[in-house]
Every structure is written in C-alpha cells, then in structure tokens.
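Please read the structure below before turning to the comments.
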Amino acid sequence: MTRIAPATAEDVPSVLGIECGAFMRPWSHDALLAETARPESRFALAADGDRVLGYAVTRCYPDWAELCCIAVAADARRRGVGSLLLADAEARAAERGAGRLLLEVHADNAAALAAYIGRGYVASGRRAGYYERPPGDAILMELSLCGAVPVSASAASGGGGAALRQFESISFMRFS
Ligand SMILES: CC(C)(COP(=O)(O)OP(=O)(O)OC[C@H]1O[C@@H](n2cnc3c(N)ncnc32)[C@H](O)[C@@H]1OP(=O)(O)O)[C@@H](O)C(=O)NCCC(=O)NCCS
C-alpha cells in the first residue's frame, strides 16, 4: 500500500538515488535537504513500507504554487504513484491558498506530459532551449486549483481524448 508523507532529512539519500536515476542534472543532496526545512515547501514522499517509491517538491506562495520536482523510481512507474504525488501537491497547494499550480517540463518528456495533461494541466507557454541536458525546450504548464480534474473523473468523462488533442498541439508547438 502506497502512502504519502512529508519527507524528512533521513529520507534524502533514498530520494537522491531516485533523482539521480531520473535526471541528467539532478538536485544535490544539500538542495534536497534544504527543501525538507523550507517553510513554503511541501516535500512529499511516496513509500511502500520502508521503500521510497517517489517524491515531489512543491513550493507554495500566497497566490500560486510551483511543482519544482517530481520523480518515481523506474521500476515503480505506471502504477499510479506519480498521480498520487500530483494529487498531494495540488491539495496542499490549494490548502495554502494557491489558485494555480505551475510547472515546467521538457518538451520531449512524453510520460510527464501525458501525466500532467491527464490531470487537466494546460500548456501556457514555451521556453526555447531552456534545458541543456538533454537539450530541449521547456513547456510551461498550469493547473487551475479551482477546477482540478481527478484522474478517475478525467478517464470517466473521456478526458483521454482531450489529453490527446492537447498533446498533439504541444507536439505541433515543437516545430512552430
Ligand atoms: C512522470 C512520472 C513522475 C510519472 O509517474 P508514474 O508513477 O509513472 O505516473 P502514473 O503511474 O501515475 O501515470 C499517470 C498517467 O501518466 C501517463 N503516463 C505515465 N507514464 C507514461 C508513459 N511512459 N507513457 C505514456 N503515458 C504515461 C499515463 O496517462 C498514466 O495513466 P495510465 O497509467 O492510467 O495510462 C515518471 O514517469 C517519472 O518519474 N519520470 C522521470 C522523472 C520526470 O520526468 N519527472 C517529471 C519532470 S517535469
């Protein structure tokens, strides 16, 4: 059973292992450690027993919030862990008064784009050449926290089609 809980300093080495496996420019141990103590941060851990499956860092400001980082261990993906972490980030940001949740994602990161679009995030812009490793553009996305779409509701209401249409338009943006 996967549980979501706040990360502590003791969790940082496990998180770092997932971070290093997921990103070419991972956050450092000290950067992750700092997030466990940052008042505006929600540093959430997904765990099954003692095993850390994934994590997400969300910084919450008075009107908006930013999903700074999310990753799931490679062998635990496509089991709903990322969705649980996103749901937690959205709920915590809304609790703290944020009206929208913003994020940046590599334009080639099809898995993350699909996860965000499936939850109702919309593309709001693009930063050309934003990422160096691997090189690529950033897609800016945001979710209105007044009308977040839960995964199950999205699937039940045919959200997949809308997600696909948005994904196609993002693919188009790559070449425009
Ligand atoms: C993005 C990430 C966090 C998703 O985590 P996850 O636990 O696999 O996500 P879920 O199982 O909750 O999947 C939710 C939905 O996302 C979409 N999705 C996830 N992985 C996908 C993939 N490889 N291909 C296509 N769609 C995918 C699907 O729509 C999925 O729903 P479904 O399984 O019912 O079809 C994970 O792939 C990851 O850690 N990637 C590496 C780090 C990263 O890129 N982070 C994002 C930085 S912006």
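A short reminder: the numbers here are calculations on the coordinates, not readings from a lab. Please read all numbers here as calculations on a predicted model, not as lab measurements. For neighbour counting, all protein chains shown are included, and Cβ atoms are generated from backbone atoms with ideal geometry for every residue, glycine included.
Net length available on complete extension from D63 to A31 is 9.1 nm, with 0.36 nm assigned per residue and the Cα-Cα distance removed. Extension gain, A111 to R78, is 10.9 nm, computed as 0.36 nm per intervening residue step minus the present C-alpha separation. Does anything in segment 36-66 have its amide N under 17 Å from the 7 Å Cα→Cβ label point of T8, and if so which residues? Taking a point 7 Å out along Cα→Cβ of T8, the residues of segment 36-66 whose backbone N falls under 17 Å are 36-38, 43-53.
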